[in-house]
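S.K.: My questions all concern the structure below.
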Amino acid sequence: SRSDKSAEEAEPVYTEKIPQGCSQAYISKDNYLVGLKNDGEDSVDTLFIMDSDRKEVFSQKVTDFNGTASKDYVLYQPEGSQEYVLYNYVKNKEITKMDLGEFEWDDYINGGYLFLCSSDKGAYILDEITGEIVLKIPDASTLYTFDAPEGQPYFTALYLSDNGETRLDVYEKSELSSPI
């Protein structure tokens, strides 16, 4: 789901102007400038990242991109690829690649976890630092909340299953293959 936000609606850049031609831009917590430029082709943009000295550290033609100012990584789909790449630009390192199908969102972070949800591939919960997939819920078409209370031995996931039923599942952190 491409973002059609205009520059005015995009997350604001606080210390400098949004670079010309950018449909979105933001400054991360480590002062990296992350921007998305449209090159005039309808479905292809250039994702670029500049470090705190404003030297370009990364550039890639993309067909979809997700990121926020509070994280040190972006999720993007390179041009011509089915897979999405989770990339940590502070460490300058690709964390993982995944086939997300009809990708919907990569929202809430809670307790060091990243949520990815796809309407046709299910929900993935990843460790925010390592990028490792810690839990996959194959029949989730929309993930509402995911909670991993600190010091507790379980996860909870509230989601809409692909048959339209709302479910709350509890998983043991030590045994993630199926809910309790």
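S.K.: Around Val57, what is the net charge, scoring Lys/Arg as +1 and Asp/Glu as -1 over all other residues with Cβ under 14 Å from its Cβ?
M.R.: Details: positive: Arg54, Lys55, Lys91, Lys93; negative: Asp30, Asp51, Asp53, Glu56, Asp72, Glu94.
Every neighbour counted, the sum reads -2.
S.K.: Moving on to the next point. Which net charge results for the neighbourhood of Asp30, defined as the other residues with beta-carbon distances under 15 angstrom from its beta-carbon, given Lys and Arg at +1 and Asp and Glu at -1? Intermediate values should be presented prior to the final figure.
M.R.: Working: positive: Lys29, Arg54, Lys55, Lys71, Lys91, Lys93; negative: Asp51, Asp53, Asp72, Glu128.
That works out to +2.
S.K.: Leaving out ligands, DNA and RNA, what percent of the accessible area of the chain is carbon and sulfur, probe 1.4 Å?
M.R.: Working: 4250 of 9430 Å².
About 45 percent, which is the carbon plus sulfur part of the accessible surface.
S.K.: Once R0 is set to 30 Å, what does the formula 1/(1 + (r/R0)^6) return for the Cβ-Cβ distance between Ser59 and Thr145, expressed as a FRET efficiency to the nearest 0.05?
M.R.: It comes out at approximately 0.30.
S.K.: When the expected Rg is taken as 2.2 N^0.38 Å, what fraction or multiple of it is the alpha-carbon Rg of the range 51-180? Show your work: numbers first, answer last.
M.R.: Values: Rg = 15.4 Å, N = 130, 2.2 N^0.38 = 14.0 Å.
For the range 51-180, the normalised Cα radius of gyration is 1.10.
S.K.: Among Asp147, Asp64, Asp72, whose mean-square fluctuation peaks in a Gaussian network model of the chain (Cα, cutoff 10 Å)?
M.R.: Asp147
S.K.: Just the number please: accessible area per residue for the chain, 1.4 Å probe, all protein chains included, in Å². Please list the in-between numbers first.
M.R.: On the way: 9430 Å² over 180 residues.
Result: 52 Å² of accessible area for each residue.
S.K.: Measuring from label point to label point, each 7 Å out along Cα→Cβ, what is the Asn163 to Val90 span in nm?
M.R.: 4.3 nm
S.K.: Which entries in the list Lys55/Lys121; Lys29/Lys61; Lys17/Lys121; Lys71/Lys173; Lys37/Lys121 go over 31 Å, if you measure between the two C-alpha atoms of each? Before the final figure, lay out each step's value.
M.R.: Numbers: Lys55/Lys121 37 Å; Lys29/Lys61 24 Å; Lys17/Lys121 38 Å; Lys71/Lys173 24 Å; Lys37/Lys121 29 Å.
Violating the 31 Å limit, Cα to Cα: Lys55/Lys121; Lys17/Lys121.
The values are calculated or read from the model by the stated rules, or taken from the named source; none is laboratory data. Keep in mind that this is a model prediction, so the values were computed, not measured. Here Cβ is always computed from backbone atoms with ideal geometry, including for glycine, and neighbour counts include all displayed protein chains. Keep in mind that these areas ignore ligands, DNA and RNA; they rest on the heavy atoms of the full protein, side chains included. Shrake-Rupley method; radii C 1.70, N 1.55, O 1.52, S 1.80 Å.
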